[in-house]
Amino acid sequence: MMQREGILRRNLLLGFTLATLTEIVNSTPARAWLGYDFNDVNTLLRFNRQSGIRVLDAAGHFVGARGAYYAPPLEYERMPRYLVLALVAQEDRCFFNDCLLRIGGLDLRAISRAVIAAMKNGKASQGASTITQQVLKEIFLKEHNKYVRKVEEAALAPGLDLSLTKSDILFLYLNRVYFGAGAYGIEAASRVFFGKPAQHLGLTESVLLIQALPAPSNWNLRKNPILASTRAASLLATMRELGFITQKQAISASTQRVRAMLDHSVDGGYYPYSIQHGWYIRAAESESEHLLEDQSGVRTLRTNLDLQLQNRCQTVLSSVIARYGRAMNVNSGAVIAMKPDGRILGLIGGANYSASQFNAAIGAHRQPGSAFKIFVYLAALERGVSPDDYIADDGPLEYSSGTVINNYNHLYRGANTVADALAYSSNVAAARLIHKHIDEVIEMARRLGVKGPLKHDDGLALGISEVTLLELTAAYATIANDGILAIPYTVASMEDNMGQAVPRKEEERRVLSRKVAEAMSVMLEGVVQKGTGAAARPGVWAAGKTGTTTDYRDAWFIGFTRQIAVGVWLGNRENEPMEKVTGGSLPAQIWRDIVQYYHSRPARVAS
């Protein structure tokens, strides 16, 4: 009896202390000082989120996330009933009923029980936080000292409880709490673990997710399926005892076998459809970092990604490497597809993202071979050379230094027009055109977006300086864009953590006259119609250029149609020679397949 009276006195003292502290802290000035406003649940939901990005394709569909994954919040009315009941059964049985000694979001009985246990054991061994307190912890207090946090929770819980409805509190909790595997909130967790919208979760699935909440990194279904199932069975029994479900439902749910979806996370990213979107998502993330100063919380990026085209690019590239890789000694490649104005529709940085996250489309600096000749010919056109002018001698060209310029396979055509010299990729003609005009060619390359070091040497005409596939494809896109600079970009629009739109700032800049761009397009059309790029003919008007480097270390085909520009590179990660792979062979075939696919889709699907 005396022991009971002692406990009761402690409870009353604790209750009085908390009530007094609550009254002080939850006064208007105190809440203003703390900076917390409990009225707008949608704003509260965005406070202090972990850093991450959500990436949407051009149509607004979710395609992946980096860092912390927060899906759009699920309205309380659409939450499965069993999900809510499982949470209440495990975390706060008196949440709906307001049991004896439960005051303003605090369970005084649980608190006193935890205090007594701590006094006996010398350490905290029992939880006493209600769902209301846990909401405060998740949103505001997670980084605070745990002892200070308990006082803060107790002080602020009544204010939250008075300001919001119980459905609001559950909405906040279930849309913010961490479920493991990078997933924050029930919608993200449902998609990560079960590949389905949260509103379609069944009893077993709901219990499997809720049971992990005390230790989500270790108790989630993917990390420890046996422990998760055991804990789920225990939670089902608790729900049965509380009358939340029937015995029959408990038995049925406990015997149902549920497996987690395969892990689609690679390199800190979550890719529900295909991890091969990883190169594009990483590029978009990097781009957003330059556009958005405040990178805290969750950024939502609406990109230019054409999901169907991205998949096609990956399929074609991977299948070619798989089919010819061993025989022709090629193990890497990259593809970029963009609109003439620079919108990147597809970006593939290698054969397999899960094997290597290095993005060869953006990060690999390789010799472009004859694909670089466009800068030589553009500079020549600007200084008055005509496509119909003749280059008198196509024979071997020997410099005083002893260096000899030869054509591929030592094929010479005698006197050539400028247009034919480009069509058949005459090295000699390009060397003659750049001689004494190197500065003009370098300036032209810079104007069209090439940023890397360029050698001040006549050999520049033959592609001895390294560039990236992104730079080169954008340069060709500029020609397709009638001379207006194509600045490549993945992110069409952004929202910051608070849902505020972040505008892009782009300025249209003409870098070539329309006349020069048109003349270059016609010359590059000749490459495809009768020259080294014949294998790339897609059945629609097309223009482009092949590129092959010494010892077949790199092979390129870059080109465009009226609607799209595509760049293809093949090579080896170790820069080893391939087995006679030229730009007019496998790269041209890959290019043709992608372009044919793009143009064969119904107009309503095409970007």
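The values are calculated or read from the model by the stated rules, or taken from the named source; none is laboratory data. These figures come from a predicted structure and were not determined experimentally. All Cβ positions, glycine included, derive from the backbone under ideal geometry; neighbour counts span all protein chains shown.
Give region 239-251 a look and list any residue that's in contact (Cβ under 8 Å) with a residue 12 or more places away in the chain and farther than 17 Å from Gly202 by Cα, or say none.
Leu242, the sole residue that qualifies.
Name the single residue, out of those in region 155-175 being part of a helix (DSSP H, G or I), at pLDDT 80 or above and among the aliphatic types (A, V, I, L, M), that is surrounded by the most Cβ atoms within 10 Å (Cβ to Cβ).
Leu172
Hey, does region 316-325 have a residue that's crowded, with 22+ Cβ neighbours inside 10 Å and touching a Lys or Arg at 6+ places or on another chain (Cβ under 7 Å)?
Within region 316-325, none of the residues are crowded, with 22+ Cβ neighbours inside 10 Å and touching a Lys or Arg at 6+ places or on another chain (Cβ under 7 Å).
Can you tell which of Tyr377, Tyr424 is surrounded by 14 or more Cβ atoms within 10 Å (Cβ to Cβ), at pLDDT 95 or above and of a type in the set (Phe, Trp, Tyr)?
It is Tyr377.
Wholly within region 542-607, which strands (runs of 3 or more DSSP E) include no fewer than the required count, namely at least 2 residues that are in contact with a Lys or Arg (Cβ under 6 Å, 6 or more places away or on another chain), farther than 22 Å from Gln310 by Cα and touching a residue at least 12 places away in the same chain (Cβ under 8 Å)?
none
Results for (1) under 20 Å from Arg66 (Cβ atoms); (2) outside the structural domain of Glu138 (by TED's automatic domain parsing); (3) surrounded by fewer than 24 Cβ atoms within 10 Å (Cβ to Cβ), shown as yes or no for each residue.
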position	(1), (2), (3)
Gly182	yes, no, yes
Arg191	yes, no, yes
Phe194	no, no, yes
Gln199	no, no, yes
Val207	no, no, no
Gln211	no, no, no
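Could you please find all residues in region 289-317 being among the β-branched types (Val, Ile, Thr) and part of a strand (DSSP E or B)?
Of everything in region 289-317, those that are among the β-branched types (Val, Ile, Thr) and part of a strand (DSSP E or B) turn out to be Val298, Thr300, Thr303.
Would you point out which residue out of Ala486, Ala474, Ala535 is modelled with pLDDT of 95 or more and not in a helix (DSSP H, G or I)?
None of the other options fit; the residue is Ala486.
Suppose the filter is buried (at least 18 other Cβ atoms within 10 Å of the Cβ), modelled with pLDDT of 95 or more and touching a strand residue (DSSP E or B) at 6+ places or on another chain (Cβ under 9 Å); does Tyr70 pass it? Can you show your working first?
Details: buried (at least 18 other Cβ atoms within 10 Å of the Cβ): yes; modelled with pLDDT of 95 or more: yes; touching a strand residue (DSSP E or B) at 6+ places or on another chain (Cβ under 9 Å): yes.
So Tyr70 fits the description; yes.
Only one of (1) crowded, with 17+ Cβ neighbours inside 10 Å; (2) not in a helix (DSSP H, G or I) is not met by Glu152, so which one is it?
Here Glu152 clears every test but (2).
Restricting attention to region 390-408, does a residue exist that is surrounded by 14 or more Cβ atoms within 10 Å (Cβ to Cβ), in a loop (DSSP other than H, G, I, E, B), of a type outside the set (A, V, I, L, M) and at pLDDT 95 or above?
The answer is no, given that none of the residues of region 390-408 is surrounded by 14 or more Cβ atoms within 10 Å (Cβ to Cβ), in a loop (DSSP other than H, G, I, E, B), of a type outside the set (A, V, I, L, M) and at pLDDT 95 or above.
For region 272-306, give me each residue that is crowded, with 21+ Cβ neighbours inside 10 Å, charged (D, E, K, R) and under 23 Å from Gly195 (Cα atoms).
Arg282, Arg299, Asp306
Right, Gly539: closer than 20 Å to Tyr377 by Cβ and either outside the structural domain of Phe375 (by TED's automatic domain parsing) or of a type outside the set (Val, Ile, Thr) (or both) or not?
Against the criterion (closer than 20 Å to Tyr377 by Cβ and either outside the structural domain of Phe375 (by TED's automatic domain parsing) or of a type outside the set (Val, Ile, Thr) (or both)), Gly539 does not qualify.
Only one residue in Ala228, Ala260, Ala215, Ala253 is of a type in the set (Gly, Ala, Ser) and more than 33 Å from the chain's Cα centre (by Cα). Which one? Steps first, answer last, please.
On the way: Ala228 fails: more than 33 Å from the chain's Cα centre (by Cα); Ala260 fails: more than 33 Å from the chain's Cα centre (by Cα); Ala215 fails: more than 33 Å from the chain's Cα centre (by Cα).
Residue meeting the stated conditions: Ala253.
Restricting attention to region 455-478, which residues are closer than 30 Å to Val55 by Cα, crowded, with 24+ Cβ neighbours inside 10 Å and out of contact with any Pro (no Cβ under 7 Å at 6 or more places or on another chain)?
Thr468, Leu469, Thr473, Ala475, Tyr476, Thr478
Go through region 557-580 and give me each residue that's β-branched (Val, Ile, Thr), touching a Pro at 6+ places or on another chain (Cβ under 9 Å) and buried (at least 24 other Cβ atoms within 10 Å of the Cβ). Steps first, answer last, please.
Filtering region 557-580 for residues β-branched (Val, Ile, Thr) gives 558, 561, 564, 566, 568.
Subset that is touching a Pro at 6+ places or on another chain (Cβ under 9 Å): 558, 561, 564, 568.
Correct list: Ile558, Ile564, Val568.
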